[in-house]
1. Ordered by residue, what ³J(HN,Hα) values in Hz, to whole numbers, does region B:281-293 give under the Karplus form 6.51 cos²θ - 1.76 cosθ + 1.60, where θ = phi - 60° and Gly and Pro are x?
2. Along Cα→Cβ, 7 Å out, is where each label goes; now give me the distance between the ones at A:Arg120 and C:Glu385 in nm to one decimal.
3. Going by alpha carbons, how many degrees (0 to 90, nearest 10) lie between the helix axis of C:177-192 and the longest principal axis of chain C?
4. Cross-link list A:Lys69/A:Lys185; C:Lys192/C:Lys343; C:Lys52/C:Lys294; C:Lys192/C:Lys315; C:Lys57/C:Lys328: which exceed 22 angstrom alpha carbon to alpha carbon?
5. Summing Lys, Arg as +1 and Asp, Glu as -1, what charge do residues with Cβ under 12 Å from the Cβ of A:Met1 carry, A:Met1 excluded?
6. Can you give the relative contact order of region B:1-152 as a percent, counting alpha carbon pairs under 8 Å and 6+ residues apart?
7. How many angstrom lie between the C-alpha centres of region A:54-77 and region B:100-163?
8. Under 13 Å from the Cβ of D:Gly14, count the other residues' Cβ atoms, weight Lys and Arg +1, Asp and Glu -1, and hand me the total.
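The values are calculated or read from the model by the stated rules, or taken from the named source; none is laboratory data. Owing to the predicted nature of the structure, the values given are computational and were not obtained by experimental measurement. Reconstructed Cβ throughout: ideal geometry from the backbone, glycine too, with neighbour counts over all protein chains shown. Accessible surface is based on the protein model in full, side chains and every heavy atom, while ligands, DNA and RNA are left aside. Shrake-Rupley method; radii C 1.70, N 1.55, O 1.52, S 1.80 Å.
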Amino acid sequence: MLEVSHAFLNFNGLQAINDVSIKVNDGTITAMIGPNGAGKTTLFNIIAGVYKPDSGVVTLDGVDITGKKPFEICNYGITRTYQVIKLFTGMSALDNVLVGMHINYKLNFFQDVFHTKKMRQLEKETKERAMELLRLVGLEDYAGVTASSLSYGQQRLLEIARALGSNPKLLLLDEPAAGMNLKEKNDLCDRLRIIKNMGITILIVEHDMSLVMNVAEEIFVINSGKNLAYGTPDEIANNKDVIEAYLGSGD
Amino acid sequence: MKKIFKNKKIRNIIIMVVTIALLMVTPVIFTSFRSGNYYLNVINYVFVYAIAATGLNIMTGYSGQINLGGAAYFSVGAYGTVILCNLGIPTIFAVLLAMLIVAFFGFLTAVPAAKLKYHFLALATMAVGEIVNNILIVSPGGITNDTHGMFVKALDLFGLKLSKDSQLYYFLLISMVLCLLFTFAFIKSHTGRACIAARDSVDAAGAFGVDVKKYKIIATVVSCIMIGFAGFLFAYLNRYISPDTFAAGKSTMFMSMTMLGGSGTLFGPLLGTILITIIMEVLRGLPGAGLYLQLSYGLVLLAVMMFMPFGVSGLISNIKTKRIIKKKRMEEMEKNNVGS
Amino acid sequence: MRIIKKLFVLLLLAFVSVLVACGSKGEESLKIGYFGNLPEAGDCLVQRNTIKLFVEKWNKEKTFGDVTVEYYEYDNTNNGAQDTEMSIKAAQKLINQDQVDIIISAQLSNIIQATGQLINDAEVIDIGLGLSATWMQQGWDYVYRTALNNDYQVPGMTAKMKELNQNDVALLYQNTDNCLTFRDTFKAEAAKSGLNIVADEMLPAEGGTGITGQVTKAINSNPDCIFITAMGGSFGTVVKQLRQSGYKGMIYLGQPLTTTEVDSIGSEEVNGVAMFSPYIAYNRVEDCKNEFCKNVLQAYFDKYGTCPQTDMIYKIWDAMLLIENAVKTAKSTDAKEIQAVIKTLKFQGCAGTMDFTRGSNECYFGAQAWVYTGQGVAGGPTLLEDWLKTDLSSKVKMTK
Amino acid sequence: MDFLKLVLQLLIPGLCLGCVYGLNGIGSALLYKGSHTINNAQGAIVGLGALIGYSIQQGLKIGLIASTAIVVVITFFIGVFLQVFIISRVERRSSMYVVIATLALSLIISSISMLTFGSWTFESATIIIHGSKYLHINFVNVDILWSNIIAIIISFIAMISIHLFLNRTSFGMAMRSAAMDSFAAESCGVSVVKTRAVTWGIMAALGALGGCLMGPLFGISAGIGIAMGNKGNTGAVLGGYGNMYGAIIGGLIIGMVETIFGYIYSPYQSAFTYALFLVFLLLLPKGIMNEKAIEEG
């Protein structure tokens, strides 16, 4: 599905990404973990098109998408959530998800603004789909509420619902569990499994080991910009280098 | 009787019917006694300014771009239609052509403006306003009759001469309601949502395939057309247009109407226009009314900026949404306590 | 549906609040309305004081029988300056709410122009104090002027320039309705009498910071004399800068200088500045030589304790005389009858006989040339002929 | 010879106008560097300063220079007051609101100053050196007003002192660090509130200084202030917003351009100046001294 091979990125002197290669298989939940400042978010942004790597290739199903602009990457079927929540605060939850579906909404200006029959019919369809997504993340009865008045956890879920709006092939989640309490985290894991069963591949960047171990099928560990380990959760759990990187070497 | 009022649907219809009846009858009531004629004229101005403020709101409220030169589009709309009408073109085509000119002028200013930062956009729109005003004062070939100003013939719509306030009243009322409905349709449309998204977060909107520049331009052009349309109506209501009526004062007036009412809300501009017009009429008698009026614009804008950035209707809707949230949170609390 | 309901409830609120504020119908009386720059202590204050003086006199002496005279005034300024849109609103309020019979509109021609159509259609008498010819050409039969029309000044001016063989004239004009028409008439008249215009520069309206370029261009065009037409009260800076930049020749002005402007220009620099006017302003009542004007200034002084510093006193006084004569001869307060009577009126005014019988709604047709000598009071304006005899005129370069 | 005369006749007043715009420009540049906002109220403050200066001249019967000094001090504290009680509160919400808040302030200040001082143009005292108001240059026989020359000299002195204040004094250093990154500055003990207040104080004082210096040339009125305020911002943008030295150059260019356009074709004087501003803003977004005016993304 997604493949990053030999990516390098230098931030005026700091070699943030140093020959990193990762592969995300179809229909899996893959996680990317690593200590603070390991370059996880930078790699995440390279995939999402925010940064252009100095060298190295990012391909999705064989198509090279290195260095494409964010709104082009969205057309390829990759959508993302943000570590620092970037919801459309002035709009209701439903509208946020509707904007998520922006790209598959083919109408010319006049049809759209003058609410022709075609537009009203398409609008009803997309609204139903949006409500479905809100039901998926459990926000269906908050549909009319403006995004800024939702609680922190709810805003996180809304971001995921919005990202699913344009039924992507690959969903990038940037620390989705940050700021959530235990109950919300378990709830999140169930929802992520439902999304996976819908056939959407998920790549999570996360600190919370318990969440990663619970939901991820494959895990990449990145440390100071380099590949450290790859494998299933229990392989990683007792992999010597990973423990050392996290807990610092014993000697 | 009680049962009827309990049923929400019927209650709405009754309110609607009563209000429509009252709206249709108002000119007759007002023209019955002579001083009412003056207030009918004031109401006509409220309609015109409400349309202009709603137009400005599309750009500032819904698309997050500041526009301190609204008077420029207002004057292009006014002078455009009047000059074309004087050339003998029937009113309808003159208005359409003028709106095209305003749209082109709006597009011309929108494209560069889309990439400017908020503060520099403020300076740029102010500069555009000054340039247009200067061109009006010393127009090439004297088409705008420079500072002599231009007299405007009575509006003739399909041969119907609308000169008296009571006749204009219906035309202005219908135009305002149409403009409000158009704005409502625009916001609820896919394009409208994209403009609002571009306002709230440029990065997130970009990430979901919204071409931010394109939607900023669309919002500006739509806003210019509506302000230009209000300019046309102003010309035929005021029956005399001169460059000094379109000076910077007009842009600040539109700005304070939109902001006071609530920028980014549908009825904000209309509410703001009514409140500002009431202030205007109250101050009318005072010596130095103009200065007190300018002072009140300043105080209104400052109060909005410091205490209620979403204006009066923003305040009302805040209270309402807070109540809904609290109610939902309470339900959820009970559900959780009962559940866990 | 919810949106539509909200819209209509909102409009309901607006109408109810406005309905409450409606006025009531007045009983039989003569109502005079005025709009102008109320806080301004210059021309507008003189106008309002004179109107109040007459209204008081008429009511005390019952000059119109048992009719009481009422006076309504509104402000028409926006951002410190008189504004056409505010004037239209003030005029509408006077006509519709207060139902006035006679309106005295301000001395700015673009204001009179903007409100003329409205007042004329409402068949209310409109007495304008502005000097520009444009609003007299609109064919409004309810609009009159009790000041001197610019167009009637210009022939006298060009003749004087020809006489002193000042053939090259530099033009400085302010971009307002009054000054533009004055400039166009002057250019037409100058072409007819063989004067050539060597410079034609536009000065920005008040608050403009860039008059240096224009002044320099006027001086460098090496003119025999310079003609400036600007709004009352804004000649000071231009004349001062002309003199400061070394221009020693004669300067003709479209309007008389106010006494404050004379002081600011300075006695030595104001020498040689000429203007055409049927009357001039004085600092003290005693300085006035004309008998009729002296009584006018004395009456104003007795009531308000100060001598008016501008010649507006004569214009507004003539306007009130017009009202007094018209209402007395028409013996009614109805505007239509007053309008019919005015065409037959001929009576004594501040600048000689005011003759409305010529059918052009105007009353004055000629003016004398005065020159500021810089000595004595208010720059001591003396007749041009006397000034030429004195040695002061030698200090000024008559031709280039 | 008379080309030189023309140059001199236009150069000095143009330069004087340019200096005053430059002074305003410095204020706007400092403000933008510090808090990324634009001050629309600058014009009104300039008008207010000029009017206060005039009333001091009349009240205490003192010369132009003395009254200007007093005005500069008064407007400094007015600037500080505005920032602390009004702008800082609005800024907490978002820097976008500050643009509209300053526009509101401009309306309030200009209407109050017109209500108190009246709305017509006053005559300001001019500077008289050895008995005459003009410096006569005989070989070109041109009279140049002393107050123009003094205005240019004082403006340069003010510019140099601001430069020294920012680079040499410790508080100046604090101000520049707060301007670069207010969070970092705050962490090492710089009270950003104080630096912002002083920035506004300096901006207001410079504006009022410009207003008073222009008195002899154009007379004193609130209207003059408004025109100068906008041009000050225009000059700052021309020079590259946020860069003080660019603002001075930008101001000088605008001053010269306006005077020259006044000479070439006077009716479109203000249109040319603002058009030049738009051209610079759009074609050269970084301005002469390279400061970002374009929004990414």
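1. Per-residue couplings from phi come out as 5, 4, 7, 3, x, 4, x, x, 4, x, 5, 4, 5 Hz.
2. 8.8 nm
3. Tilt of helix C:177-192: around 40 degrees.
4. A:Lys69/A:Lys185; C:Lys192/C:Lys343; C:Lys192/C:Lys315
5. Local net charge: -2.
6. The normalised contact order for region B:1-152 reaches 20 percent.
7. What the calculation gives is 45 Å, centre to centre.
8. That works out to 0.
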